[in-house]
Amino acid sequence: MRFTTRQDLLLAVAAFAGGVVLLLARGYGTWPAIDIAPGWRLLPLAGLCVAMVFRRTRPIVGLLLSTPFNFTDVVIGPSIATLMIYSDALYAASLYGPRRAAEWLLGITTAATLAVAAAFGIALTTISSGVIAGSLAGVAWVGPVLTAMVVREHRDRADAERQRAAQMARLAEMDRRAAVNTERARMARELHDVIANHLSAVALHSSAVLKVSDLDRESINRSMEVIRENSVQGLAEMRRMIGLLREGDGEADPAAAPKLDGLERLVAHTARSDLTAGLKVLGDAPGLPAPVEHAAYRIVQESLTNALKHAAAGRVEVLLEYRPGCVVVTVDSPLGAGGSRLPGSGSGLIGMRERVTMLDGTFEAGPGDGRWRVYAELPLTDRERP
């Protein structure tokens with residue numbers, strides 16, 4: 001711990017200089033029974049000023065050192081300078097010392113004030129003398145302690161508010177980061193679904209046209225139609241996403257958002273030379289919430305993309321069921337020669353699972369009986385969580 005602070009050292013020097021000026025101006029009282037040379041009054045003044053250097057670093061020590069010098073000054077005749085310096089010692093001990101010390105000092109100074117009032121009232125045989133003496137003692141002793149306690153309370157409250165503000169700022173930053181991460185995950189899902197599906201179809205059909213030299217004109221035209229259709233749809237969806245990301249450009253064109261009534265066209269354009277796809281719809285289509293309809297479309301889209309890239313020869317069956325309170329999507333495809341794939345492996349499966357989880361639905365994906373099945377149950381309303 002430091003011995004003192006530069007500020008307290010300067011205050012002590014200034015207090016001593018000011019005290020000397022007040023002594024020269026006869027700013028002190030005298031007792032009739034005590035006759036002492038004015039020069040001796042410098043002793044308690046100097047002692048109080050020396051103790052003043054500890055007002056911040058060791059406030060209780062400073063008060064203990066100040067008390068006998070103040071008592072000496074009162075005995076030889078109280079002076080204004082020593083009274084002010086001792087009041088500052090009481091203030092510093094209550095403000096910078098332990099909280100318990102301020103409570104003790106309040107009790108001690110209050111008792112001392114009452115004692116002084118009683119002593120003067122008895123000695124001078126007048127109530128008014130006791131009241132005046134007690135008032136002066138209260139201002140000099142009790143006042144600094146109460147002032148320090150009030151200041152300390154305000155400081156503690158200000159510190160608590162600063163800590164609370166810092167905590168709120170940290171929580172807000174955590175919320176901001178969580179929101180950013182959530183938005184980044186959403187954008188990653190959308191970009192993956194938009195780009196992977198359409199570009200996979202383009203890549204597969206263009207590769208077929210380039211690699212198979214004996215394709216007839218009808219096969220070439222069919223492949224080019226698929227390439228063109230996926231290119232146009234991919235551009236439309238990319239424009240929709242760019243419109244959502246730009247600020248101040250208004251809402252994106254709702255017509256560009258994928259809907260379940262476009263599944264038939266999506267399934268029809270999902271084909272390889274050895275792979276076909278079909279769609280079956282069960283139940284009457286209710287008015288679906290936009291998030292549910294969007295998620296169902298994307299799940300079918302991603303499942304068909306995975307089938308194009310990984311499925312063996314055969315047929316992909318897409319089943320869309322409208323059940324009471326939910327929509328169920330099931331996509332069955334022939335299991336590829338690469339063997340079983342773990343559920344959730346790959347960014348496509350991760351994206352589908354995230355979409356279903358956000359809607360509090362059920363998602364399963366995995367192999368069985370030579371087929372790869374994707375199953376998603378999307379509730380139309382939020383389910384009650386435990």
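The values are calculated or read from the model by the stated rules, or taken from the named source; none is laboratory data. Worth saying up front: this structure is predicted, and the values here are computed from it rather than measured. Note that we place each Cβ from the backbone using ideal geometry, even for glycine, and neighbour counts take in every protein chain shown. Note: areas computed on protein heavy atoms with side chains; ligands, DNA, RNA excluded. Shrake-Rupley method; radii C 1.70, N 1.55, O 1.52, S 1.80 Å.
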Discussion item. So, R0 is 35 Å and r is the distance between the beta-carbons of A285 and M187; what FRET efficiency does that work out to, to 0.05?
Written reply: 0.75
Worksheet, complete the sentence: For segment 1-151, the charge dipole (Cβ of Lys, Arg +1; Cβ of Asp, Glu -1; about the Cα centre) points to a positive end, and the Cα of I108, G47, V13 closest to that extreme belongs to V13
Worksheet item: With contacts defined as alpha carbon pairs under 8 Å and 6 or more residues apart, what's the relative contact order of the chain in percent?
Response: 9 percent
Discussion item. Can you return the lysines within cross-link range of K211? Criterion is Cα-Cα under 18 Å, with same-chain partners fewer than 8 residues away left out.
Written reply: K309
Worksheet entry | Exposure rule at most 13 other beta-carbon atoms within 10 Å, DSSP loop GluC sites (Glu not before Pro): the chain longest free segment | 1-246
Item to complete: Normalise the Debye intensity by I(0) for segment 260-379, one equal point scatterer per Cα, no solvent, then take log10 at q = 0.12, 0.20, 0.23 Å⁻¹ and round to two decimals.
Response: -0.39, -1.09, -1.40
Worksheet item: Quick one: of the DSSP bridges fully inside the chain, what percent are antiparallel, nearest 5?
Response: 75 percent
Discussion item. Treating only the Cβ of Lys, Arg, Asp and Glu as charged (+1, +1, -1, -1), what charge dipole size does the chain show about its Cα centre? Round to the nearest 20 debye.
Written reply: 1520 debye
Worksheet, complete the sentence: Treating only Lys and Arg (+1) and Asp and Glu (-1) as charged, each at its beta carbon, one finds that segment 260-379 has a dipole about its Cα centre, in Debye to the nearest 20, of 360 debye
Discussion item. Taking 2.2 N^0.38 Å as the expected size of a compact globular protein, what ratio does the Cα radius of gyration of the chain give against it, to two decimals?
Written reply: 2.07
Worksheet entry | Highest-MSF residue in the chain out of V53, V331, V300 [GNM, Cα springs under 10 Å] | V53
Worksheet entry | FRET efficiency for M241 and S219, using Cβ-Cβ distance with R0 set to 30 Å, rounded to 0.05 | 0.35
Discussion item. How large is log10 of I(q)/I(0) for segment 71-174 at q = 0.20, 0.24 Å⁻¹ when the intensity is taken from the Debye formula with one equal scatterer per alpha-carbon?
Written reply: -1.00, -1.21
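Of all the accessible heavy-atom surface of the chain, with the other protein chains kept in place and a 1.4 Å probe, what percent is carbon and sulfur? Walk me through the numbers before you get to the answer.
Working: 13990 of 22330 Å².
Within the chain, the accessible surface is 63 percent carbon and sulfur.
Kindly report the accessible area of the chain per residue (heavy atoms of protein chains, probe 1.4 Å, no ligands, DNA or RNA), in Å².
Working: 22330 Å² over 386 residues.
Heavy-atom SASA per residue in the chain reads 58 Å².
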Worksheet item: Where the centre of each part is set by its Cα atoms, how far does segment 68-104 sit from segment 154-181, in angstrom?
Response: 40 Å
